[in-house]
1. Under a Cβ-Cβ cut-off of 9 Å, what is the net charge of the residues other than VAL155 that fall near it, where Lys and Arg count +1 and Asp and Glu count -1?
2. When the convex hull of the Cα atoms of the chain is projected onto a plane and the area is averaged over all directions, what value comes out in nm²?
3. Among THR61, PHE19, VAL140, whose Cα sits farthest toward the positive end of the charge dipole of the chain (+1 at Cβ of Lys/Arg, -1 at Cβ of Asp/Glu, about the Cα centre)?
4. Using a Gaussian network model of the chain with C-alpha springs under 10 Å, which one of SER51, SER25, SER90 is most mobile by mean-square fluctuation?
5. Given +1 on the Cβ of Lys and Arg, -1 on the Cβ of Asp and Glu, and no further charges, what dipole in debye does the chain carry about its Cα centre, rounded to the nearest 20?
6. Charges only on Cβ, +1 for Lys and Arg, -1 for Asp and Glu: so what's the dipole of the stretch 93-155 about the Cα centre, in debye to the nearest 20?
7. Which GluC sites (Glu not before Pro) in the stretch 1-99 sit in a loop by DSSP (not H, G, I, E or B) and have at most 16 other Cβ atoms within 10 Å of their own Cβ?
8. Provide Rg over Rh for the stretch 1-63; use the alpha carbon set for both Rg and the Kirkwood Rh (inverse mean inverse pair distance).
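The values are calculated or read from the model by the stated rules, or taken from the named source; none is laboratory data. This is a predicted model, so every value here is computed, not measured. No Cβ is skipped: glycine too gets one built from the backbone with ideal geometry, and neighbour counts run over all protein chains shown. For accessibility, only protein heavy atoms count, side chains too; no ligands or nucleic acids. Shrake-Rupley method; radii C 1.70, N 1.55, O 1.52, S 1.80 Å.
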Amino acid sequence: MNQVGWKRAAVSFEAGIRFLLARRSTAGWWTDFCTPAGESDEWVTAYVAWSLSDCEDAAATARDAAELLLYRDRDPGWAYNRRVPADCDSTAWVVRLARALGMGRRKPIAGAIAWLHSTKKRSGWAAFPTARPIRRFTSVDHRSFGGWTSSHACVTANVLSAVSDRDSTAALR
């Protein structure tokens, strides 16, 4: 890339960071994707904060977001928002964020990693390990929840990134 290209990339990068920082609520959460379950705060906050965690100008904000998530100390993990049952994808983003910031040894993270290991299906990870929690949340009994409880490449890749290092070999067994 030439000098002009690098300058454009830097300007775009800085504009993206400013946009993300401006979208954070006064309570410290990022929210998005308004659905019948409400807006996402845990999943989106974890994802955005992880994306900012190695940006010099935003690392402190990412750390503040991680503290918010860890303060919620959901058991066994985190979710789309505080009303929805814990799911593997959201939990993996919180674990990835905590590890990126050197907070991976905190008690809620250790419990979340153990839960992620326990939810592995034969072929990988699903958003929800079983239909029961999401079925109870939605109060829907007559529909299939196979889309939520089947292994997905995106969830499996995210969980593997979350439990990487010495944990990844054990996760594959």
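1. -2
2. Averaging across all directions leaves 11.6 nm² for the Cα convex hull.
3. Checked the options; the winner is VAL140.
4. SER25
5. 500 debye
6. Its charge dipole is roughly 200 debye.
7. Sites meeting the loop and neighbour criteria: GLU56.
8. 1.09
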